[in-house]
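Structure first, commentary second.
The values are calculated or read from the model by the stated rules, or taken from the named source; none is laboratory data. Remember, it's a predicted structure, so these values are computed and weren't measured experimentally. Because the Cβ atoms are built from the backbone with ideal geometry, glycine has one as well, and the counts that use them run over all protein chains shown.
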Amino acid sequence: MFADLYADLKRLAHARLRSCTDRSELTTTAVVHESFLKLAERGAVLPENRPAFFAYVGKVMRSIVLDRVRERRATKRGGDDVVVTLTTEVAGEVLDDDRLLAIDDALNSLARLAPDLSRLVEMRYFVGLSIPEISEITGKAVRTLERDWGKTRGLLRTLIAEM
């Protein structure tokens, strides 16, 4: 499945990297190949349907990008809190390291409060899946997911404001 979807994975990786300010360390190809290596290391059983596969790989790509940000920041401690606005249009917005880490912290907090909502954000925000595609993966009604998406955006704003 990985080989069949290589071009799509490169597009997904490109979208993830487009939102980062410092792309000098990672290339689209590097993210795709590191994703494959992480999946192979874990001996992960890959989902059989396409949207579920992209949701899973998107999570892996998110971790790769965030790991690089953390490595880069290990030598640059400090900084003020950052206000982050979460929209579905994030792919066109360039995010600096602080904003990426603030989003990750908020998602980790959300995962402790409501794992389903955290998974919705990952699929919608990081993978770029549409609500109907997420509905196909999760088996939830589109309208329920739309309500959850609105609720999740509010929760994340509150979590980020508290950080």
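Values computed for the structure shown
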{"quantity": "Sole exception among (1) at pLDDT 85 or above; (2) surrounded by fewer than 20 Cβ atoms within 10 Å (Cβ to Cβ); (3) charged (D, E, K, R) for ARG157, by number", "calculated": "(1)"}
{"quantity": "Restricting the range 121-132 to residues that are part of a helix (DSSP H, G or I) and within 10 Å of the chain's Cα centre (by Cα), the residue that is surrounded by the fewest Cβ atoms within 10 Å (Cβ to Cβ)", "calculated": "GLU122"}
{"quantity": "Conditions (1) modelled with pLDDT of 80 or more; (2) of a type outside the set (Lys, Arg); (3) over 23 Å from ASP148 (Cα atoms); number of the one not met by GLU25", "calculated": "(1)"}
{"quantity": "Boolean, LEU66 is among the aliphatic types (A, V, I, L, M), at pLDDT 50 or above and not in a helix (DSSP H, G or I)", "calculated": "no"}
{"quantity": "Subset of the range 133-146 that is at pLDDT 85 or above, assigned to a helix (DSSP H, G or I) and among the aliphatic types (A, V, I, L, M) - its residue that is farthest from ARG62 (Cα to Cα)", "calculated": "VAL142"}
